[in-house]
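This report concerns only the one structure given below.
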Amino acid sequence: MPAGIGGPGTGTLPRTTGPGGAGAAAPPSTAPGSRWSRAPWRTLLAAAGGLAMFLAFPGHGLVALAVLGPAALAVAVHGRGLRAGLWLGLVTGLAFFVPLLSWTGIYVGAFPWLALAISQALYLAVLGGLTALTSRLPGWPLWAAALWVAVEAARGRFPFGGFPWGRLGFSQTDGPFLALAAYGGVPLAGFAVALTGTLLAAALLAAASARRTGARRLRAAAAALAGVLALPLVGALAWLPLPGESLTTGGPTTTVAVIQGDVPRAGLDFNAQRRAVLDNHVQQTLRLAEEVAAGRQPRPDVVLWPENSSDIDPYRNADAAAQIQRAADAVGAPVLVGAVVGGPGEFISNTAIVWSPEVGPGDTYVKRHPVPFAEYVPHRDFFRLFSDKVDLVRRDFAAGEEVGVLDVAGIRLGDLICFEVVYDGLVRDVVDGGAGMLVVQTNNATFGYTDESEQQLAMSRVRAVEFGRSVAVVATSGISAVVAPDGTVVRSSELFEPAVFVEEIAQRDDRTVAQRLGVLPEALLTALGLGAVLLAVLRLRRAARP
């Protein structure tokens, strides 16, 4: 069996040199037959790394702990074989995704939650295996960090369009790495987190083996540690060239009102009283109109309602249409309504409608990326074998084809509906389409009092920095928020409480480096990681020859 491809302890590490001591002879802990190599410390370390990443995300918000995930996995798999790497990566993935995605099972039970968590953890299993293979190469901290980007790129695309929740870059809502999103998007921010972690791993491994190899390894440890300290400094310096990032700078301002009407109850039946949800948003808009008439609030140019604010199709129900028109007339501004609309055919559509006082319903945007197993069920008959919960989705939602850029009151809004904010390409499309600000219409009532709303808000904060745009998050039941282009939350609501915000927001047309580069940083880093894997496989094949 070729060295390094079998289980733990197969093969030895060639004596080579590389950054941070990477690629030098394996420390005693990786020697074949060593008791230390067979001890459970690697599995425990991998699990601890996954939990550290979980704690870095909203709900706990210990942002600095994110680097410990890549660090722990890199140490755990260093010098191991492919099978050991797969196991240790799976352990990391389960320790991370099972608690992170617990909100998905809050009302539908453990099976959908655990199925999703395990499916995502399998990607980290692959990451662990590939990281183990490349850990024998010179410069392995760089290749390991690039592989984090490659695996997250695959996870965000496959299957069924992917589910890129929990990417490393989305944990960085504060701290120096957030600025890097403006230069290379979420992939570059995540790469910086991963590289900091893998360099930390290199420093620890070099220091641990210094007793055997002496001063050379101490110098390698010092070099790797210098990299650990330098990367946050680079991130901090990256803020300096960025333009002014307040709500009202960078372009002409628009007065925007955010309406959170709340729902009668949390849970899957949040909208069992569909008319009550619509009425809540109408009433909050009428109260805003009274405040405007009394001079206590400025008159808005546009009013934003959330996803599912009218699950009664206003095209087919005259009473629902009359209520929306009543709200628009009272406030004297167009209302962006989140509606469920019948059609096309047997489908329904998650649709944003621009409803103006003068002409009623106008431009629309249909959600381009319906959520599998939540808004439609692929291969329904097959998945029903595992859970009858698939039939909670009675009618499948159709996917829209047009980019969500809407002309409203002389401005161009970039509309994203709910989970669409997590997909790089969908957000980039609306900014490339000329959006001066971003709107995230969402309904989080189905997730109750969980961390889901905070996690989604964190993504909006990173997007604000990535594209230099203010973001208005408007939710049925919270968290609604207004985010400045530097990622600062200017206003936010509580969960399951009505709320109204009115803010002056600049409509910006500048282009960040990340927007100009598009998918290029992710593609280059992915190619770097996969190239290292290819080189590692070729070296193993050469080593296996007689």
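Every read-out reported here was derived from the displayed coordinates using simple, explicitly stated rules and does not represent laboratory data. What you see is a predicted model, and the numbers here were worked out from it, not measured in a lab. Neighbour counts run over all protein chains shown; Cβ positions are idealised from the backbone, glycine included.
According to the Kirkwood expression over distinct Cα-Cα pairs, how big is the hydrodynamic radius of the range 131-223, in Å? Mind dumping the intermediate values first?
On the way: mean 1/r = 0.0687 Å⁻¹.
Evaluated over the range 131-223, this radius sits at 14.6 Å.
Once the piece of chain linking ARG516 and LEU242 is laid out straight, how much longer is it, given 0.36 nm per residue of separation minus the C-alpha distance between them? Could you put the intermediate results ahead of the total?
Details: separation 274, 0.36 × 274 = 98.64 nm, distance 1.46 nm.
Difference between extended and current length: 97.2 nm.
Between VAL490 and ARG395, what is the FRET efficiency for a Förster distance of 41 Å, r being their Cβ-Cβ separation, to the nearest 0.05?
Numbers: r = 38 Å, r/R0 = 0.93.
Working from the Cβ atoms, E equals 0.60.
List the relative contact order of the chain as a percent without decimals, with contacts defined as Cα pairs under 8 Å and 6+ residues apart. Working shown, then result.
Numbers: 1262 pairs, mean separation 87.9, N = 546.
Across the chain, relative contact order equals 16 percent.
Give a residue-ordered list of calculated ³J(HN,Hα) values for the range 50-57 (Karplus: 6.51 cos²θ - 1.76 cosθ + 1.60, θ = phi - 60°; whole Hz; x for Gly, Pro).
x, 5, 4, 5, 4, 5, 6, 8
Kirkwood Rh, Cα Rg: Rg to Rh for the range 146-301?
Numbers: Rg = 24.9 Å, Rh = 20.6 Å.
A ratio of 1.21.
For the range 31-157, how big is the tail of P(r) above 17 Å, as a whole percent of Cα pairs?
Working: 4572 of 8001 pairs.
Counting every Cα pair in the range 31-157, those more than 17 Å apart make up 57 percent.
With n ≥ 4 as the cut-off for DSSP H runs, can you work out [θ] at 222 nm for the chain, using -39500 (n - 2.57) per run divided by the number of residues, rounded to the nearest 500? If you can, show how the numbers build up before the last one.
Values: 16 runs with 240 residues, N = 546.
Roughly -14500 deg cm²/dmol at 222 nm, from the helical runs in the chain.
So if I take the alpha carbon set of the chain, get Rg, then get Rh from the Kirkwood formula, what is the Rg over Rh ratio? Please report the intermediate quantities before stating the final value.
On the way: Rg = 25.3 Å, Rh = 24.5 Å.
Rg/Rh for the chain comes to 1.03.
Quick one: give the max-minus-min coordinate of the C-alpha atoms of the range 70-130 along each principal axis, largest first, in Å.
The Cα atoms of the range 70-130 stretch 43, 18, 11 Å along the principal axes, largest first.
Kindly give Rg over Rh for the range 253-509, based on alpha-carbon atoms, with the Kirkwood expression for the hydrodynamic radius. Spell out each step's value before the answer.
Numbers: Rg = 17.2 Å, Rh = 18.1 Å.
Answer for the range 253-509: 0.95.
Can you tell me the dipole magnitude for the chain around its Cα centre, using point charges on the Cβ only (Lys, Arg +1; Asp, Glu -1), in Debye to the nearest 20? Each step should come with its number before you reach the end.
Working: 43 positive and 42 negative charges, 812 e Å.
About 3900 debye.
In what sequence do HIS281, HIS369 fall when counting other Cβ within 10 Å, fewest first?
Numbers: HIS281 28, HIS369 21.
Listed from fewest to most nearby Cβ atoms, that is HIS369, HIS281.
Any idea how far apart LEU524 and ILE118 come out in nm if each label point goes 7 Å out from Cα toward Cβ?
A separation of 4.0 nm, rounded to one decimal place.
Calculated FRET efficiency, GLN273 and ARG326, Cβ-Cβ r, R0 22 Å, to nearest 0.05? Kindly include the intermediate steps, with their values, before the conclusion.
Details: r = 19 Å, r/R0 = 0.87.
Efficiency for this residue pair is about 0.70.
In the range 447-538, if the dipole is taken from +1 on Lys/Arg beta carbons and -1 on Asp/Glu beta carbons about the Cα centre, which of THR450, ALA464, VAL502 is farthest to the positive end?
ALA464
Order by neighbour count: TRP41, TRP87, fewest other Cβ atoms within 10 Å first, most last.
Working: TRP41 13, TRP87 22.
Ranking TRP41, TRP87 by Cβ neighbours within 10 Å, fewest first, gives TRP41, TRP87.
Please go through the range 316-413 and write out the chymotrypsin sites (Phe, Trp or Tyr not before Pro) that DSSP classes as loop and that have at most 14 other C-beta atoms within 10 Å. Before the final figure, lay out the partial values.
Numbers: sites: PHE347, TRP355, TYR365, PHE373, TYR376, PHE382, PHE383, PHE386, PHE397; in loops: PHE347, PHE373, PHE386.
Sites meeting the loop and neighbour criteria: PHE386.
Which is the longest run of the chain containing none of the trypsin sites (Lys or Arg not before Pro) found in DSSP loop states (not H, G, I, E, B) with at most 16 other C-beta atoms within 10 Å? Please list the in-between numbers first.
Working: sites that count: ARG15, ARG157, ARG265, ARG296, ARG316, ARG394, ARG395, ARG511.
Longest site-free region, per DSSP loop and neighbour criteria: 16-156.
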